[in-house]
Amino acid sequence: MDDPLVARMRGFGTTIFAEMSALATQTGAINLGQGFPDEDGPAAMLDVAVEAIRSGGNQYPPGPGLPALREAVAEQKRDRYGLVYDPATEVYITVGATEGIAASVLAFAGPGDEVIAFEPTYDSYAATVALAGATLVPVLLRPEGGRFTFDPDELRAAVGPSTRMILVNSPHNPAGTVFTRAELEVIADVCREHDLIALTDEVYEYLTFDDAEHVPLATLDGMRERTVTVSSVGKTFSVTGWKTGWVTGPAPFVRAVQTVKQFVTYAVGGPWQQATAYALRNELGWVEELRKSLQGKRDRLITGLEAAGFTTFRPQGTYFVQADIRPLGFADGMELARALPDKAGVVAIPTQVFYQHPQAGAPFVRFAFCKQDHVIDEAVQRLARLS
Ligand code: PMP
Ligand code: GLN
């Protein structure tokens, strides 16, 4: 039999995170590839999940999510950003941000539609757009002044008669860029001028460093009415395995997402929802400590990578560093990433997998710093062998 996989999904194979984490397990290398912390989130939040399981919270929750979590999300949007959403009609709980993004893309884009996204693009975007039968139109983020950013003219030129939506990830994985208000104004202008939907992925909304400020696109003039925002519990509270996320936006948009999502997973695990509601209301102080500690880990990893011979980009947010491999005499990040466990006992993510034209990302690999200090120290000591 021929390949049973539907044609539009061919070429997506296995995600780079699965491939590289399997390589780390096989080789015993230190895994600075897939982004997950090696320490747990706040203890009281974990207790709420355990208690929820022990006290009978184990049957189907309502499809749109537990009211307590939808209310907690609405409070968080209001208190942190001044964005007011009705928890009954404008907040919807999803299986992680991944499902929130997928359900939104499937809800808004179809065959013939174009979806603009900044490249490198987080790996699920291209696959999800393909699943929808739509076309991803990348706008390059290029290194400039020590960070990755886009050329406003290239963004404007990417818009055509079939453009339906712009997908905006800030803080950006894997580039580490936190879009400035000025950059967001350019994006907002394009959305308003061409009547586009904005889909924003804000899973790193709390993980920003130095003086970088996370500004939700929905807070800009005229943007709330056309923006669907996705976030999740995983990165903020160090529970990436809980796969609990949320979509917020105007009621008709959220209803459209619901129409898709209800037939994909119907609902999201109840105990995680209860614990997430608790965390959003009670553990933001813990998150601030996490943010500060990650900033120190960022600097620790960068110092070590530079000493090992890489050139690095200091991210304004997320927990990833882009490292240029050329000073060490390498040219292809994919080749290096596959050889790195043998060469140095470390796993990284080749940035080129996040591009339609891999050449633009070939000189970079991504290292995660959401790890204990001794793990980062050991990894950079090993990487020093490369030079
Ligand atoms: N978007 C980005 C940019 C991510 O880095 C990740 C991984 N945390 C996700 C979405 C997926 O989030 P979740 O685990 O909540 O599905
Ligand atoms: N978001 C994580 C990262 O970028 C990985 C998530 C996944 O494994 N799909 O490393």
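The values are calculated or read from the model by the stated rules, or taken from the named source; none is laboratory data. Note that this is a predicted model, so its numbers are computed, not measured. So basically every Cβ, Gly included, is an ideal-geometry build from the backbone, and we count neighbours across all protein chains shown. Areas reflect the complete protein model, heavy atoms only, side chains present, ligands, DNA and RNA absent. Shrake-Rupley method; radii C 1.70, N 1.55, O 1.52, S 1.80 Å.
Highlighted here are the strands (runs of 3 or more DSSP E) found entirely within the range 47-161 that include at least 1 residues which are open to solvent by less than 30 Å² (accessible area, probe 1.4 Å): 91-94, 114-119, 135-140, 147-149. Does residue 41 count as touching a strand residue (DSSP E or B) at 6+ places or on another chain (Cβ under 6 Å), open to solvent by less than 40 Å² (accessible area, probe 1.4 Å) and under 18 Å from residue 237 (Cα atoms)? So residue 41 does not fit the description; no. One residue stands out in the range 221-240 among those that are farther than 17 Å from residue 192 by Cα and among the β-branched types (Val, Ile, Thr): the one that is nearest to ligand 2 (Cβ to nearest atom), namely 240.
Yes/no per residue for (1) open to solvent by less than 60 Å² (accessible area, probe 1.4 Å); (2) part of a loop (DSSP other than H, G, I, E, B); (3) not acidic (Asp, Glu):
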site: 215; (1), (2), (3): yes, yes, yes
site: 228; (1), (2), (3): yes, no, yes
site: 235; (1), (2), (3): yes, no, yes
site: 278; (1), (2), (3): no, no, yes
site: 286; (1), (2), (3): no, no, yes
site: 291; (1), (2), (3): yes, no, yes
site: 304; (1), (2), (3): yes, no, yes
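Just to be sure, is residue 192 under 27 Å from residue 365 (Cβ atoms), out of contact with any helix residue (DSSP H, G or I) (no Cβ under 6 Å at 6 or more places or on another chain) and either away from ligand 2 (no atom under 16 Å from the Cβ) or touching a residue at least 24 places away in the same chain (Cβ under 8 Å) (or both)? So residue 192 fails the test. Going by the conditions given, is residue 167 within 16 Å of ligand 2 (Cβ to nearest atom), surrounded by fewer than 19 Cβ atoms within 10 Å (Cβ to Cβ) and either touching a residue at least 24 places away in the same chain (Cβ under 8 Å) or farther than 20 Å from residue 261 by Cα (or both)? No.
Going by the structure shown, is residue 167 aliphatic (A, V, I, L, M), under 22 Å from residue 284 (Cβ atoms) and within 16 Å of ligand 1 (Cβ to nearest atom)? Against the criterion (aliphatic (A, V, I, L, M), under 22 Å from residue 284 (Cβ atoms) and within 16 Å of ligand 1 (Cβ to nearest atom)), residue 167 does not qualify. When the range 1-35 is limited to residues that are among the β-branched types (Val, Ile, Thr) and more than 17 Å from the chain's Cα centre (by Cα), the one that is nearest to ligand 2 (Cβ to nearest atom) turns out to be 14. Scan the range 241-264 residue by residue and report those that are within 16 Å of ligand 2 (Cβ to nearest atom) and either surrounded by fewer than 20 Cβ atoms within 10 Å (Cβ to Cβ) or of a type outside the set (Gly, Ala, Ser) (or both). Across the range 241-264, the qualifying residues are 241, 242, 243, 244. The condition (being part of a loop (DSSP other than H, G, I, E, B) and either over 19 Å from the mean Cα position of the chain (by Cα) or under 30 Å from residue 299 (Cβ atoms) (or both)) is satisfied by just one residue among 252, 174: 174. In the range 265-276, how many residues are open to solvent by 30 Å² or more (accessible area, probe 1.4 Å) and touching a Leu at 6+ places or on another chain (Cβ under 8 Å)? Residues flagged as open to solvent by 30 Å² or more (accessible area, probe 1.4 Å) and touching a Leu at 6+ places or on another chain (Cβ under 8 Å) within the range 265-276 amount to 1.
For residue 93, are the conditions met, namely being in contact with a helix residue (DSSP H, G or I) (Cβ under 8 Å, 6 or more places away or on another chain) and either within 26 Å of residue 362 (Cβ to Cβ) or within 16 Å of ligand 2 (Cβ to nearest atom) (or both)? No. A Cβ distance below 7 Å, combined with a sequence gap of six or more or placement on separate chains, defines the contacts here; from the range 257-269, residues that are within 23 Å of residue 52 (Cα to Cα) reach residues that are hydroxyl-bearing (Ser, Thr, Tyr) and open to solvent by 30 Å² or more (accessible area, probe 1.4 Å) in the pairs 267/60. Candidates in the range 293-302 are the residues that are over 14 Å from residue 366 (Cα atoms) and charged (D, E, K, R); of these, the one that is surrounded by the fewest Cβ atoms within 10 Å (Cβ to Cβ) is 299.
Of all residues in the range 24-47, those that are at positive phi have Cβ atoms under 9 Å from Cβ atoms of residues that are away from ligand 2 (no atom under 16 Å from the Cβ), 6 or more apart or on another chain, in 28/341; 28/345.
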